[in-house]
1. Can you report the number of residues in the range 126-169 which are under 25 Å from residue 48 (Cβ atoms), under 14 Å from the mean Cα position of the chain (by Cα) and in a helix (DSSP H, G or I)?
2. Going by the conditions given, is residue 185 under 28 Å from residue 35 (Cβ atoms) and not in a helix (DSSP H, G or I)?
3. Filter the range 48-72 down to the residues that are under 23 Å from the mean Cα position of the chain (by Cα), touching a residue at least 24 places away in the same chain (Cβ under 8 Å) and outside any helix (DSSP H, G or I) and list them by number.
4. In the range 189-203, is there at least one residue being within 14 Å of the chain's Cα centre (by Cα), surrounded by 15 or more Cβ atoms within 10 Å (Cβ to Cβ) and assigned to a helix (DSSP H, G or I)?
């Protein structure tokens, strides 16, 4: 079965292990099958809340024991799918898009343009899963992106509490934008959606980060 968009558990997912200790490909295949199975159930109209471990495992052609060897719950599978998707989008953001000011929308356009490659998966997760489950990894990806912004602009390291405030605020704004974008059927282009997002978010972020210069 062909893997649905945005689910490839390759190097960008962080599940390939390290050069010293690569992950067994059989493990990757099992995880891939479970992710594919969950998305197939969502495509069939099921809501995440009613999906059982037995249903997902059976659709993947695996046992419950194998499921629990890789994931704690169906929610955990969704988080893995979303983490892979968001990490891939963020990792593709070029450094040029991270230079201040962020209010000029380059950063937002870059992130949403890469996420647009996973519209099918985002639409499924947004309509079939609680937003808190599938959007949680977005905050983690944004926090890593903030570290890159600080580095690219040669800013002093952020105090831990300042980093947390900025990451949570930016992450929350992106999560909200993704939900609205998906609910509207991705009618807006990534550029149009990013302009709305960064017009609201950018000036304050720029002002706070520029204080660090």
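Bear in mind that the values in this text are calculations on the coordinates, not laboratory data. Computed from a prediction, not measured in an experiment: that's the story for all the values here. Quick reminder, even Gly has a Cβ in these numbers, built from the backbone with ideal geometry, and neighbours come from all protein chains shown.
1. Selection size over the range 126-169: 13.
2. Details: under 28 Å from residue 35 (Cβ atoms): yes; not in a helix (DSSP H, G or I): yes.
When the stated conditions are applied, residue 185 passes them.
3. Listed by number, the list holds a single entry, 71.
4. As a first pass, look at the range 189-203 and keep what is within 14 Å of the chain's Cα centre (by Cα): none.
Scanning the range 189-203, I find no residue that is within 14 Å of the chain's Cα centre (by Cα), surrounded by 15 or more Cβ atoms within 10 Å (Cβ to Cβ) and assigned to a helix (DSSP H, G or I), so the answer is no.
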